[in-house]
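Read-outs throughout are calculated quantities, based only on the coordinates presented, and are distinct from any laboratory measurement. Bear in mind the structure is a predicted one, so any value in this text is a computation, not a measurement. Cβ placement follows ideal geometry from the backbone for every residue including glycine, while neighbour counts extend to all protein chains displayed.
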Amino acid sequence: MNKAPNTVASITKEVTCPFCSILCDDLVIQNQGGTLKILKNACPKATVAFEAEQAVISAKIKGQPVPLVDAINRICEILKKSHNPLFAGLGTDVGGMRQVMHLADKTGAIVDHMHGDALIRNSLVLQDLGWITTTMTEIRNRADLIIFVGTDAANFPRFFERTIWHKKSMFNLKPAQRQIVYIGDKPDCKAGISPNGRHPTVLNCKTDQIGEVISSLHALLTGAALDVKEIAGLKIKTLQTLATQMRAAKYGVIVWSPAELDIPHAELTIQNFCELVKYLTRFTRFAGFSLAGNDGATSANNVCAWQSGYPLRVSFNKGYPDYAAQRYSMRNVLKKKEVDALVWISSFSANINAPRASIPTVVLGTPDTKLNFNPSVFIPVATPGVDHTGQLFRTDSVVSLPLKKVRQSKYESVHSLLKQVVARL
Ligand code: SF4
């Protein structure tokens, strides 16, 4: 009987996890014969993503397996015929996004990220009145009051561990000295309980009432009297207590997640946070912090900005970059039939599917992608930070972290595939 060959496990330390935008860079990963196991610093999200077995699948044209070269040639045919393609999804790393921009420029395409709605909620605020924001490191080293508004950070499982309940900080700020407040619709507050058991303050209100609550806090801080007993079901006395706490903080932070503020004109609510922060900096240090940018969204936005001069959403159809945050949304241009080919990219997650459109559709997706339609072309792609090296920007946009390769993969990166397409067009 043949014995299976012994495979020696290799261990990679200081691995950056690409599966949410806080990019924890302390994972220790074991690779035994291609099977990955996180030995240290796992979270449920990272465990599922790293430890899933890699599916074996080939490139396909209309659901039929084909050699990779045929699939690439078919993409070139589609793009040559297209007058106005759309590159969407954009779940890739910095290198992949650089190639997207190169190809978009060459083909006159529109570019939008799968989390574009969340991205533009922030961009509109930054463009309109500006903001003062901080970094994960600053929160860890200095923040003594952290107010989560409309989010409990559950989509970023190690955020509290990495930035708030951290034992070491530059100025010896102890976890017990930090106060946590949640404002929002029944947040899950477990992560906000301090290591010594102190519970956070919770101000429950509906997501679409958060703007009212923040404006009222702002008014109270200016000394205005509010001629009502309650705002959004919260007693004025409760808001006054929080206003006093904010004034007394040495370094306060308002944390929001634009994706979770899924309400009409969420940018105005975010602007409320940012204007309140600016007002508070007259008396103390205060800053905003946006938890966003999963699936490479922060990287896509930054690469788009430095290569075109604008953040997402941009069209190259007029021969120069044309920015229009609402008009060039993927949903809008598909609905109005303004595009005649779609290239969808998702190299981190199979959970957000390509939209089904009645135009030639190319999907560059993870091998486990399950589509409810047969696209014109499907090519399984490698995942940055697992199957190949690369770079991603963290949610605070101040650092780009190097991604490691922790296993061999037979799939090519988005960067490599699009480079071949660019060369053949
Ligand atoms: S919190 Fe996010 S970046 Fe950190 S290990 Fe979990 S999924 Fe990865």
### Query
Mind checking which lysines have their C-alpha under 17 Å from residue 62, skipping anything on the same chain fewer than 8 residues away?
370
#### Entry: Eligible lysines near residue 404 by straight Cα distance, threshold 17 Å, same-chain separation 8 or greater
13, 37, 40
#### Entry: DSSP beta bridges in the range 329-425 [antiparallel fraction, %, rounded to 5]
25 percent
### Query
How do 165, 306, 344 line up, fewest other C-beta atoms within 10 Å first?
306, 165, 344
### Message
With a cap of 13 neighbouring Cβ atoms within 10 Å, and only residues DSSP puts in a loop, list the trypsin sites (Lys or Arg not before Pro) found in the range 25-97.
### Response
62
#### Entry: Euclidean distance of C-alpha centroids, the range 244-293 and the range 97-136, integer Å
20 Å
### Estimated distance in nm for a label pair at residue 356 and residue 235, the labels positioned 7 Å out from Cα along Cα-to-Cβ
5.3 nm
### Task
Take 269, 16 and order them by how many other Cβ atoms sit within 10 Å, fewest up front.
16, 269
### Query
Out of 209, 126, 141, whose Cα points farthest toward the positive end of the dipole of the range 120-290 (charges: +1 Lys, Arg; -1 Asp, Glu; placed on Cβ)?
141
#### Entry: Integer Hz, Karplus 6.51/-1.76/1.60 couplings in order for the range 324-337, x for Gly and Pro
7, 4, 8, 4, 8, 6, 3, 4, 5, 6, 6, 4, 8, 6
### Query
Straight-line reach from residue 278: which lysines have a Cα under 28 Å away, not including same-chain ones fewer than 8 places off?
174, 186, 206, 229, 235, 237, 250
### Query
Where a ≥ b ≥ c are the square roots of the eigenvalues of the C-alpha gyration tensor, would you call the range 120-290 rounded, which needs a/c under 1.5, or, failing that, prolate if a/b is larger than b/c, or oblate?
rounded
### Query
Dividing the alpha-carbon Rg of the chain by 2.2 N^0.38 Å yields what?
1.06
### Query
Magnitude of the Cβ-charge dipole of the range 192-312, K/R +1 and D/E -1, about the Cα centre, nearest 20 debye?
700 debye
#### Entry: Under-5 Å amide H pairs with residue 205, H placed in peptide plane, nonlocal only
184, 185, 186
### Query
Which of rounded, prolate, oblate describes the range 332-400, given a ≥ b ≥ c as roots of the alpha-carbon gyration tensor eigenvalues and a/c under 1.5 marking rounded, otherwise prolate only if a/b is larger than b/c?
oblate
### Query
By Kyte-Doolittle mean hydropathy of at least -1.0 and Cα axial length of at least 27 Å, which whole DSSP H helices of the chain are selected?
none
### Query
Quick one: length gained pulling residue 190 to residue 322 fully straight, 0.36 nm per residue minus the C-alpha distance?
43.1 nm
### Query
If amide H atoms are built 1.01 Å from N in the plane of the peptide, which residues on other chains or at least 5 residues away come under 5 Å of the amide H of residue 86?
110, 340, 341, 342, 343
### Query
How much net charge surrounds residue 232 when only other residues with a Cβ under 13 Å from its Cβ are counted (Lys, Arg +1; Asp, Glu -1)?
-1
#### Entry: DSSP-defined beta bridges in the range 120-290 - what % are antiparallel, rounded to 5
10 percent
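To the nearest 0.05, what FRET efficiency results for residue 174 and residue 10 with a Förster distance of 45 Å applied to their C-beta separation?
Here the calculated transfer efficiency is 0.75.
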### Query
List the chymotrypsin sites (Phe, Trp or Tyr not before Pro) in the range 202-305 that DSSP assigns to loop (not H, G, I, E or B) and whose Cβ has at most 16 other Cβ atoms within 10 Å. Which are they?
283
### Task
Show that you can apply the helix-only estimate: for the chain, add -39,500 (n - 2.57) for every DSSP H stretch of four or more residues, divide by all residues, and state [θ] at 222 nm to the nearest 500.
-9000 deg cm²/dmol
### Query
Once amide H atoms are built 1.01 Å from N in the peptide plane, which residues 5 or more positions from residue 285, or in another chain, come under 5 Å H to H?
252
### Query
Quick one: 170, 97, fewest Cβ neighbours within 10 Å first, how do they rank?
170, 97
#### Entry: Global form of the range 380-425, assessed from the alpha-carbon gyration tensor, a/c cut-off 1.5
oblate
### Karplus-derived 3J(HN,Hα), 6.51/-1.76/1.60, for each residue of the range 405-413, Hz, glycine and proline x
9, 10, 7, 7, 9, 8, 8, 8, 6
### Rounded to the nearest 20 debye, dipole of the chain from Cβ charges on Lys, Arg, Asp, Glu
640 debye
